[in-house]
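Scroll down for the structure; my scribbles are underneath it.
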């Protein structure tokens, strides 16, 4: 009964899972039109995949121990919040320079 849950928990430690999820989220955001909310979450998936790959192969990212699914989830949540905030701030700052079309 716990087999699908265990498989998901194992997949969460694989960089390939996060690359596939990131691509799926970015494609969904572009084609469905989710107002650029899911696009930064997809970017966070790619960053997390890079960290997992660096930890497994290169041993560069040993300062972030991503050994279990809870830590991976926490890092993903943090990266998602930061990336959504950065993208929203970037789009808001670019819009503030333009004048409003409704002001006469």
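The values are calculated or read from the model by the stated rules, or taken from the named source; none is laboratory data. As the structure is a computational prediction, the values presented were derived from the model and not from experiment. Don't worry about glycine lacking a Cβ; one is built from the backbone with ideal geometry, like all the others, and counts go over all protein chains shown.
Pick from region 11-34 the residues that are assigned to a loop (DSSP other than H, G, I, E, B) and either within 12 Å of residue 49 (Cβ to Cβ) or modelled with pLDDT of 90 or more (or both): which of them is nearest to the chain's Cα centre (by Cα)?
Restricting to residues being assigned to a loop (DSSP other than H, G, I, E, B) and either within 12 Å of residue 49 (Cβ to Cβ) or modelled with pLDDT of 90 or more (or both), the top hit is 12.
To keep it simple, each residue is scored yes or no on (1) over 19 Å from residue 8 (Cβ atoms); (2) at pLDDT below 90; (3) assigned to a helix (DSSP H, G or I); (4) in contact with a strand residue (DSSP E or B) (Cβ under 9 Å, 6 or more places away or on another chain).
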site: 36; (1), (2), (3), (4): yes, yes, no, no
site: 42; (1), (2), (3), (4): no, no, yes, no
site: 53; (1), (2), (3), (4): yes, yes, yes, no
site: 57; (1), (2), (3), (4): yes, yes, yes, no
site: 62; (1), (2), (3), (4): yes, yes, no, no
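Is it the case that residue 89 is assigned to a helix (DSSP H, G or I), on the phi < 0 side of the Ramachandran plot, modelled with pLDDT of 75 or more and surrounded by 11 or more Cβ atoms within 10 Å (Cβ to Cβ)?
The answer is no for residue 89.
For residue 8, are the conditions met, namely being at pLDDT 85 or above and part of a helix (DSSP H, G or I)?
The answer is no for residue 8.
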